[in-house]
Amino acid sequence: MVETQAASEKVDSAKAADEPCKQQPRHKEHVEAQATGTKAAVGLSTSAAKSKLLELLDADHTRVLIPPHFDRRSRSLWAILGATIAIIGLLLVNGGYLLGKGDPRQTRGIGSVVEAALLVVSIMVSYWVVERESRLETRELDMRLRAISKEIGGWTGIYADLRTPQLPTVTTYTVLRDGVWRDVPTLLVVEGDTVALAYGEAAPCLILLRGVGAAADAQLRLDRGQRFTADTMRAWRLPVGDAWDPLAAGHPALAGRVLFHVRATPLSSHLEQIARHHQRTGRSVLQNQMRVVIRLCALRIMPAVCAAAVVANAVIYGVVSAKQEAHYGMGVEAVIGKSVYVVFPFACTVLWPVLWIGARIFTNACGVVLFDTLQRSKTDYEDTDNIDEFDIEALPPTKDVTVGLGAIVDRMRWLWWNCDYRTLSRSSNLAETLGNITVICSIDKEGTIAEPFCTPEQIVVPDGTDYAILDVGEQQMGGERRTFIIDEGWERFLPSLRPLGLDCSLSTAAHSQGIGGIGGATHRRHNHMHRHGKILPSQDTCLCKIGKAIGFADADLRRYKKLNEIDVFAPFHAATDALAAKDVFCAASFTSTVVQPREEKEGAVPGMLHMLTDGNVDLVLGMCLDYFDGSAIRPLDDHTVAMYYSLYLNALQQDLQCLAFSYRPLSIDAEAIKWPGWGEPGSTGSALDAQGKYVDLRLSRADLQAALDEHSTERRLAISLAEDTADS
C-alpha cells in the first residue's frame, strides 16, 4: 500500500491548464467516435461551437461594464470640492483687496492669486486623472472579452491534451467535437454539445439525459453545479443499453460514463456572474477606512477649524487691531486672509484622488512583477535548518527572489497609461484585496498547492504477521529530481517490493509506448481509467519513480509487454460512500494490468502471465484472499484485514490518498485469451491497440447486504465481482 500526498484543489488554474497541455491536432489519447445507428451520438463541429461562442461574446460584452472606482455622489467628495472652490474665491478676494490698495505694492496679493490658480489647476488635474482612471477601469473587462473573442475567432480547431490529473479547479469535460471525444474546458462547452459525464462530476450547465423526451426534462436533468452521483442513477432507474449508454451509442472506450445533451452555454452564466460581481455593492476594508477618514476630515474637522479660525481672527481684529489706527483698514486681510490660510491645507486634499491612484498603481505593479518573478523562478521553496516539519508553529518554506526597481517602474508606467486587460488589476481591486488579507492558510508545505500531481510519502509492506512503513523522499541530483527510500536496511523487503516496483514502472507512458525510460518529470499514467470515469489524482499520477527507487531499470522493463487492462468501477459500493463523506466525489475503482514476459527473458515460463492490480484500498483488500510477507504466502484473515484497514483510515484522517497494490501470476496460455479487437487486421499487438475492459459493479444495497451476511468481510467484493461477471 502506498500513501501519497494529495494534490491541493487550489491549483493555479492558468498554470495547470496551459503548461501541462500540449497542443496536438489528433493525439491517440483522444477517442474517435465510430458510432452508427439510431442511437449514435452526434456532436457539434468546432466551427459551429466557435460561432456560438463568438455570437454570445458579441452580444454580451458591451453590457459587462464596471462602475467607476470613485463614487461621484459622495458627500465627502462634494464637501471637499465645495470647500476648495470657496477657498479659491476667498483667495481671489484677498488678493484683489491687497492689489487694489495700490502703493506700496504688496507681493502677498500676487501670492494669493497664484495660490488660487494652483488650486484651480489641481482641480483640473484631479478631474482628468479620475476620469481617465475610471474610463480605463470601466473598459478593462470589456477589452478582456474583446481579446478573448479575437483569440476564439482565430482558433483553428486544435484542442489541447490535458496532461494532468483531474482536478476541480481545472474543469474540463469530455465532449464530442468533430466526431472525436475531446477534453474541452468548461467555458468552451456550448448549447447542443454532447457531453459524457462520469460519477462525481458536476454539470457545467443545464444538461438533459440523452435519449429522453421533453416530458421528462424535469426528472432526467442536471442543473448547473449539480453533481452526478450513484444516488442519481438509483433515482432515475434507467435501463442499460439505452441512448444514454456510451456502449449503446457506439463508444465503448467511454463505458461507465453517461451521455447528456447540453441545453445551455456556460459562458453565458459566467458573463452574468461577472456582471453581478463587478456591480460594486460594497467596499473593501481599505476603502472603508479611507472613507471614514475623509468623511471625518471633510464633514467635521474642516468646518470646525474654519469656524474657529474666522471667530478667532475676528476677535483679534476687533479687540486688538481695530484700536490701532494703522491697522483699521486691514479688516479683509486680517479676517479673511488669515482664515483662508488656516484651512488652505484642507483645500490641497483635492489632490488625494491622484495620490490614491498613484499608490494603487504602484501596489498593483509590485504585485504583478512579483508574481511574474515567482513564475520564472526555478528554485524550490526550502525550509530553514533544524526545523520540525510536524511542528504546527514552524515557519513555512521560503525562497529568495530579487525584484528590480526598474521592472516595477516600467510596469507602473505601463499601467498608468494603458488598460490592464491581462491581469485586471483595476477591476479586480488587486491592491485593496491584498490589503484586506490578514491570514494566509496553506494546505501543506510541500508544494502541492502549485503542483497537480501527487507526491509519494510512505510505502507499507508486510513484515511477517506485522507490517513495516518505509518513508519516501525526493532529492535534487544534477538536473533530475530523484525519489528514494529513506529508511536504512529497506533492501530486506525487496521480495515484497518487487511486484510493487514492477506495477509502478510498467504504468509509465514511456514504457507503455514501447520506448522505455522511467523517471524524469512527473507525468500522467498511461491507461484508460480517466476515460471511463473520474478517479483520484493518486490513481492518475504515474509512480514510475518508485519503481526506479526500488531498482528497476529500462532494460528490466523491456522484458515485459502489456497485453491489456481491466478497469473496475464500483459506484454503489460502501467505499464510494466513504469517499463522498470526505467530500471526494468519485466512484471507488481499481485497474488490473495483464503483462507477459518476453521470450528472451531468462527463466521465463512460456505463456506465463502476470496480473498487477492497484486502486482503492477497500476494493483491493476485498479482492485478495492471501498475501505474501516476503518469504511465504499467508491467508488474509479478518485480523490482517482489520490491521491494514486501520492504517488506511488513519491515512485518510491525515488527508492522504492511499493506493493498494496486489499481484497474481496467471498460468494461462496467452494465445487462448480473446481480447476485444486483439489480433484483428491492422493490430500491431502493442498496448495502444487495446482499449481495455471496463467492469461496472452495479450492486443494489439489498444484494450487497446479502453478500455481507453470507460471506466474510474480506471476500465480499470478490464474490460480488464473480456474480456480476457471470451475469454479464
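Per-structure values
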{"read-out": "Spin-label model distance (nm) - Glu151 vs Ala632, 7 Å beyond Cα toward Cβ", "value": "6.4"}
{"read-out": "Amide proton proximity set for Tyr627, modelled H, under 5 Å, gap of 5+", "value": "Arg634, Leu636"}
{"read-out": "Solvent-accessible ranking of Trp417, Trp490, largest area first, probe 1.4 Å", "value": "Trp417, Trp490"}
{"read-out": "Solvent accessible area, Å² - Thr379, 1.4 Å probe, full protein context", "value": "80"}
{"read-out": "Order of exposure, largest accessible area first, which applies to Trp78, Trp236 with probe 1.4 Å", "value": "Trp78, Trp236"}
{"read-out": "Under Karplus coefficients 6.51, -1.76 and 1.60, residue-wise ³J(HN,Hα) of region 136-142 in Hz, glycine/proline x", "value": "5, 5, 5, 8, 4, 5, 5"}
{"read-out": "Violating pairs (Cα-Cα greater than 27 angstrom) within the set Lys534/Lys562; Lys561/Lys582; Lys534/Lys582; Lys101/Lys338", "value": "Lys561/Lys582"}
{"read-out": "Whole-Hz ³J(HN,Hα) from phi, Karplus 6.51 cos²θ - 1.76 cosθ + 1.60, for region 545-561, glycine and proline x", "value": "5, 5, x, 5, 5, 6, x, 7, 10, 4, 5, 5, 6, 5, 7, 10, 10"}
{"read-out": "Val403 accessible area, assembled protein chains, probe 1.4 Å, Å²", "value": "50"}
{"read-out": "Distant-in-sequence amide H partners of Ala468 (H built 1.01 Å from N, under 5 Å)", "value": "Val461, Asp463"}
{"read-out": "Of Lys52/Lys150; Lys150/Lys378; Lys378/Lys399, pairs whose Cα-Cα distance is over 21 Å", "value": "Lys150/Lys378"}
{"read-out": "In Hz, Karplus ³J(HN,Hα) per residue of region 336-351 (6.51, -1.76, 1.60; θ = phi - 60°; x = Gly, Pro)", "value": "6, x, 5, 5, 4, 6, 5, 9, 4, x, 5, 5, 5, 5, 5, 8"}
{"read-out": "Nearest-10 value in Å² for the accessible area of His277, using the 1.4 Å probe", "value": "140"}
{"read-out": "Distant-in-sequence amide H partners of Leu666 (H built 1.01 Å from N, under 5 Å)", "value": "Leu609, His610, Met611"}
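The values are calculated or read from the model by the stated rules, or taken from the named source; none is laboratory data. Nothing here was measured: the structure is a model prediction, and the numbers come from that model. All Cβ positions, glycine included, derive from the backbone under ideal geometry; neighbour counts span all protein chains shown. For the accessible areas, the whole protein counts, side chains as well, though only heavy atoms, and no ligand, DNA or RNA atoms are used. Shrake-Rupley method; radii C 1.70, N 1.55, O 1.52, S 1.80 Å.
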